[in-house]
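Heads up, the thing below is written out as structure tokens.
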Amino acid sequence: MSQRFDKFVDQASLKASIEALTPMRVRFVSRIIDSLSSPLQAEASDSWLGQTLGWIEYFGLTISVHHGTTTEPLGLVSFEFAFRNACEAVGWAVDEPGSATHRFVDMTVQTDDGEERKLSLKSTAAQRMSETTAHISKLTEAAWIQDVRSAKTRRDHTLNLFRQYRSAVDAIIMLRAFRPDRTAVPTKYQLLEIPTDIFASLEDTSLGAFAADGPTIDCAYQGDPAAASVSLDRSDAKITVKQIKLSACILHAEWQIGLPPVGLCKIPAPD
């Protein structure tokens, strides 16, 4: 565990540190405490993250503190630090920031059961997000998209990229911030896990599906012939993943903002 979480182990130590602060710093800390005094309404699943209630609580507190000072959604960089801090707070081993040795991997986490998970982290606060599907605007860059001309070359490059991706990444963790308009505080945060096995069916895609300059290819997963769609975006040389059905994903947790806090609720399992 990081030493950052060993310094203040009791309220007395924390109180002594606050008493040593300047008046302006006390005002700042007071504002943070006000944010923490109104915990968010949380729902969690029985997943590896959702069942770790300390993790869910810590991450929710991070959201509360964040919105104690801004209306802007928790962005990707802040999300990465918040995710890392929550893991460290419950004693999980996490690699140091920027130390990932594999392409596509943002963070490696080892939980109490000893299982290691190599994760890619994404966040979005897009307008009018669907409650049933998710969207990754850029899974990864792929400069070759603008150069290839034949369906065979396009297919070979695509399959090679996704073989590398699935070999490196166990899952994509996405934080989704729902808000009524661009200037409003989000009303809900949702933590979603997208399995990289959702891309396995690309191996069975026919050559004809790659004939277009910027093809969109459906991914079959767990009996659904179109659990997600992979799009080769030629204009921006990137891979986009569209219409990812939440029924094919793990919904770890949701945090509601602006509602009276209640005891931690459980997210119903999908049908």
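The values are calculated or read from the model by the stated rules, or taken from the named source; none is laboratory data. Because the structure is predicted, anything quoted here is derived from the model rather than measured. Note: ideal-geometry Cβ built from the backbone for every residue, glycine included; neighbour counts use all protein chains shown.
Per-structure values
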quantity	calculated
Selection count, segment 182-219, where residues are hydroxyl-bearing (Ser, Thr, Tyr) and more than 21 Å from THR124 (Cβ to Cβ)	3
Hits in segment 54-84 (condition: farther than 23 Å from ILE194 by Cβ and aliphatic (A, V, I, L, M))	LEU61, VAL65
Restricting segment 154-167 to residues that are within 21 Å of the chain's Cα centre (by Cα) and within 15 Å of GLU141 (Cβ to Cβ), the residue that is surrounded by the fewest Cβ atoms within 10 Å (Cβ to Cβ)	GLN164
Count of segment 180-197 residues which are crowded, with 20+ Cβ neighbours inside 10 Å and of a type in the set (Lys, Arg)	0
Segment 64-84, residues that are of a type outside the set (Phe, Trp, Tyr), in a helix (DSSP H, G or I), closer than 25 Å to LEU139 by Cβ and in contact (Cβ under 8 Å) with a residue 24 or more places away in the chain	LEU76, GLU80
Enumeration of residues in segment 127-167 that are of a type in the set (Gly, Ala, Ser) and in a strand (DSSP E or B)	ALA134, SER137
Unique residue being out of contact with any Phe, Trp or Tyr (no Cβ under 9 Å at 6 or more places or on another chain), among the charged types (D, E, K, R) and either on the phi > 0 side of the Ramachandran plot or touching a residue at least 24 places away in the same chain (Cβ under 8 Å) (or both) when the list is ASP181, ASP218	ASP181
Residues that are crowded, with 18+ Cβ neighbours inside 10 Å and aliphatic (A, V, I, L, M), drawn from segment 204-245	ILE217, ALA227, ALA228, VAL230, LEU232, ILE239, VAL241, ILE244
Some residue of segment 35-48 being surrounded by 14 or more Cβ atoms within 10 Å (Cβ to Cβ), modelled with pLDDT of 80 or more and in a helix (DSSP H, G or I)	no
Options SER137, SER150, SER167; residue that is under 22 Å from LEU76 (Cβ atoms) and of a type in the set (Ser, Thr, Tyr)	SER137
Restricting segment 1-34 to residues that are in a loop (DSSP other than H, G, I, E, B) and surrounded by 10 or more Cβ atoms within 10 Å (Cβ to Cβ), the residue that is modelled with the lowest pLDDT	MET1
Residue check, ALA200 free of Cβ contacts under 8 Å to residues at least 40 places away in the same chain, assigned to a loop (DSSP other than H, G, I, E, B) and either surrounded by 15 or more Cβ atoms within 10 Å (Cβ to Cβ) or of a type in the set (A, V, I, L, M, F, W, C) (or both)	no
Residue among LEU53, LEU74 that is surrounded by fewer than 17 Cβ atoms within 10 Å (Cβ to Cβ), of a type in the set (A, V, I, L, M), modelled with pLDDT under 95 and within 24 Å of LEU246 (Cα to Cα)	LEU53
